[in-house]
Amino acid sequence: MTHTIVASATREVVIGFDRPFCVIGERINPTGRKILNEELERGDFSRVQADAIAQVEAGATVLDINSGAVFSGKMAADPRYADNNFVEPMLMPQLIEMVQAVTDVPLCIDSSVPGALEAGLKAAKGRPLLNSVTGEEERLERVLPLVKKYNVPVVAISNDDTGISEDPDVRFAVAKKIVQRAADFGIPAHDIVVDPLVMPIGAMSTAGQQVFALVRRLREELGVNTTCGASNISFGLPNRHGINNAFLPMAYAAGMTSAIMNPVALPVGAKKIAEKRAEVEAAGIVLPPDMDDETFVKLFGLGSTKSRPGKEMEAIRAANFLLNQDAGGAAWISFNRDPDAAPAGARGRRGAGGRAQRSQG
């Protein structure tokens, strides 16, 4: 059985066909996150640490650390900041050190810059997952020696010098090439986690079928573990969570063993709460004047004012149970306990007259 071992200084995660689905939290990534990008430019890592904690609490077992920041403010004073080969090798170890200070889950070091990958490998404790290598010749020659030198597993993305093919047979051939080239460096197949590249189903109607077939083939013919950017499948479509919730268990059942994804349902913001309160008031609905925001958003189905596991995590937990990776359903039951419910011993006891009695003291 193929087992890919990822570890921190104190915790080990095994990715495998006979193991629970591995959730790799994706939120520590400044790409497309303007506020986070600006904070990192100022040297403020508080949001990074908060995101790390929230993702682990939501169920992530590995955290992806992406250093792809753009420090546009610093470029004016120093043109070197326009080059990611300058920025990322400095930023990556800082991100890793900040995350390791607040959690002990294993890390996934994510960059297109080889210098940043090596800087991350030097800073990370344990045995991180390296993200990533492709079938491009230059990338193979730069990244595989790092994988061998530091004895770490690596994500292998199924594109090469010709780009990303829509033909699943071509993507399989690229994955096979990477596995074979890795073997030339003495890197075993169990340390290769293939990303078969999930296409948006809105642009390609067979995208789901393609990836399920590819994952089965990668498992059966190459014996490798697999991962993907889970949200790619729903890109550009309404109700993306609905599509993701169906896709993840189906991919898991086909043999996919991990995914890079957001495990957190983000809290409802003050603006949305104010808009909904105004809507409720306009409808003539009278609410208690002392109703707090958390009670309000739950009452009207908006979610929560607190970070919590997303719907995708619910789908994965259910799939773990259904695929017998949660014996007896203990994790499922624990996951579905209401965190705001009072402990069983605090609910009061019925007296002889049938009235609820409060504990004294």
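The values are calculated or read from the model by the stated rules, or taken from the named source; none is laboratory data. It should be emphasised that the depicted structure is a prediction, and the values quoted were computed from it without experimental measurement. Glycine also receives a Cβ, built like all others from the backbone with ideal geometry; neighbour counts cover every protein chain displayed. All accessible areas refer to the heavy atoms of the entire protein, side chains included, with ligands and DNA or RNA removed. Shrake-Rupley method; radii C 1.70, N 1.55, O 1.52, S 1.80 Å.
The table below lists the values:
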read-out	value
Pairs where the first residue, in region 323-351, is within 30 Å of residue 256 (Cα to Cα) and modelled with pLDDT of 90 or more and the second is part of a helix (DSSP H, G or I) and among the aliphatic types (A, V, I, L, M), C-beta under 7 Å, 6+ apart	323/253; 332/318
Given (1) more than 22 Å from residue 266 (Cβ to Cβ); (2) surrounded by 15 or more Cβ atoms within 10 Å (Cβ to Cβ), index of the condition residue 328 fails	(2)
Selection from region 240-295 of residues that are within 30 Å of residue 212 (Cα to Cα) and not in a helix (DSSP H, G or I)	255, 256, 257, 258, 259, 260, 261, 262, 263, 264, 265, 266
Pairs where the first residue, in region 284-309, is under 12 Å from residue 267 (Cβ atoms) and the second is loosely packed, with under 14 Cβ neighbours inside 10 Å and not hydrophobic (A, V, I, L, M, F, W, C), C-beta under 7 Å, 6+ apart	302/272
Breaking point among (1) closer than 25 Å to residue 259 by Cα; (2) open to solvent by less than 70 Å² (accessible area, probe 1.4 Å), for residue 142	(2)
Scan of region 31-59 for residues that are outside any helix (DSSP H, G or I) and either in contact with a Gly (Cβ under 6 Å, 6 or more places away or on another chain) or under 23 Å from residue 190 (Cβ atoms) (or both), ordered by number	31
Residues located in region 190-205, provided they are touching a helix residue (DSSP H, G or I) at 6+ places or on another chain (Cβ under 9 Å) and more than 18 Å from residue 177 (Cα to Cα)	198, 199, 200, 201, 202, 204
Test: residue in region 3-10 that is surrounded by fewer than 17 Cβ atoms within 10 Å (Cβ to Cβ) and in a strand (DSSP E or B)	yes
Number of the condition not met by residue 306 [criteria: (1) of a type outside the set (S, T, N, Q); (2) out of contact with any Asp or Glu (no Cβ under 8 Å at 6 or more places or on another chain); (3) over 30 Å from residue 2 (Cβ atoms); (4) not in a helix (DSSP H, G or I)]	(2)
Qualifying position, being touching a Ser or Thr at 6+ places or on another chain (Cβ under 9 Å) and open to solvent by 10 Å² or more (accessible area, probe 1.4 Å), among 183, 124	124
Region 157-180, residues that are open to solvent by less than 50 Å² (accessible area, probe 1.4 Å) and over 21 Å from residue 5 (Cβ atoms)	158, 159, 160, 163, 165, 168, 171, 172, 174
So residue 255, is it small (Gly, Ala, Ser) and open to solvent by less than 20 Å² (accessible area, probe 1.4 Å)	yes
Residue match in region 53-70 (condition: more than 21 Å from residue 106 (Cβ to Cβ) and open to solvent by less than 10 Å² (accessible area, probe 1.4 Å))	yes
Hits in region 258-295 (condition: open to solvent by 70 Å² or more (accessible area, probe 1.4 Å), of a type in the set (A, V, I, L, M) and within 28 Å of the chain's Cα centre (by Cα))	266, 270
Subset tally (residues that are in contact (Cβ under 8 Å) with a residue 60 or more places away in the chain, open to solvent by less than 30 Å² (accessible area, probe 1.4 Å) and assigned to a loop (DSSP other than H, G, I, E, B)) for region 13-30	1
Selection within region 32-62 - of a type in the set (A, V, I, L, M, F, W, C) and in contact (Cβ under 8 Å) with a residue 24 or more places away in the chain	40, 45, 48, 52, 53, 54, 56, 58, 60, 62
Residue check for residue 131: among the polar types (S, T, N, Q) and crowded, with 22+ Cβ neighbours inside 10 Å	yes
Unique residue being closer than 18 Å to residue 130 by Cα and touching a residue at least 24 places away in the same chain (Cβ under 8 Å) when the list is 10, 4	4
